[in-house]
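In what follows, a structure is listed as structure tokens, so that the remarks can point back to it.
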Amino acid sequence: MEINKNKLLGFIAIGIFVYKITSNISYFLGDFTKDLFIYIGIPNLWNFWLSQIFELSLFLILVYFLVNYVLKKYNSINENVLKYFVWSFLIYFILQIFQIAFPSIKTLFEPDSFNEGFLSYHEFLKNSIDLYFVQSFFYYLGEVLAIIFIYNKIKNVSQQRTELKNKYY
């Protein structure tokens with residue numbers, strides 16, 4: 001079976017942008033959660049852990065749904081690789097614009113109490129340098145768990161196809 005190089009390149013590009021979209025959404029909503037927790041006055045240590053766990057969970061949930069979506073829509077994606085590539089790029093681009101603009105927009109609506117909480121939170125992080133390692137650990141844990149999930153999904157789908165092929169041939 002010959003591989004269509006244009007489709008392969010398209011699938012790789014779609015994969016890159018879908019990964020970037022997933023990462024950006026989970027990071028943005030994790031950061032938004034952190035800001036919300038600062039605003040409502042949750043203690044800094046709780047804020048840190050809850051926002052990190054939320055971001056990791058959201059990333060894994062998005063990966064789960066996107067992998068299942070791609071498997072369900074594989075034939076459509078395969079027939080319209082360019083369309084899906086363009087859409088994935090546009091969604092990524094729009095998210096980037098929003099993510100860049102959001103800090104400027106949110107400063108328009110921040111009360112002084114939020115600014116004090118924000119400064120307190122960053123002072124807390126500055127004094128707890130080991131939490132930066134925890135942030136990195138959560139990031140890489142998400143990546144490893146996503147890779148394991150995708151690997152198992154591919155392996156299961158391949159086994160199912162092999163079993164169907166053996167059953168009918």
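Coordinate-derived values only; no laboratory data. In this text, all values refer to a predicted model and were calculated from it rather than measured experimentally. For neighbour counting, all protein chains shown are included, and Cβ atoms are generated from backbone atoms with ideal geometry for every residue, glycine included.
Using amide H atoms built in the peptide plane, which far-off residues or other-chain residues are under 5 Å from I42 H to H?
none
In nm, give the distance between the simple-model label positions of N4 and L82, each being 7 Å from the Cα along the Cα-to-Cβ direction.
Modelled inter-label distance: 1.1 nm.
Based on the Cα gyration tensor of the chain, what are the three equivalent ellipsoid semi-axes, each the root of five times an eigenvalue, rounded to whole Å and given largest first?
Computed over the chain, the values are 40, 20, 12 Å.
Along the Cα→Cβ direction, 7 angstrom out, place labels at H122 and Y151. What is the inter-label distance in nm?
My value for the distance between the label points is 3.9 nm.
Sorted from fewest to most neighbouring beta carbons within 10 Å, what does the list V86, V70 look like?
V86, V70
May I ask you to sort V18, V144 by Cβ crowding, counting other Cβ atoms within 10 Å and putting the fewest first?
V144, V18
In whole Hz, with x marking every Gly and Pro, tabulate ³J(HN,Hα) for the range 70-82 from phi via Karplus 6.51 cos²θ - 1.76 cosθ + 1.60, θ = phi - 60°.
5, 5, 6, 9, 3, 4, 5, 5, 4, 7, 10, 4, 4
How much length, in nm to one decimal, is gained on full extension between S57 and F93, taken as 0.36 nm per residue of separation minus their Cα-Cα distance?
Extra length from S57 to F93 when fully extended: 10.6 nm.
Taking only Cα atoms and a 10 Å spring cutoff, compute GNM fluctuations for the chain and point out the largest among I25, I129, I147.
The residue that fluctuates most here is I129.
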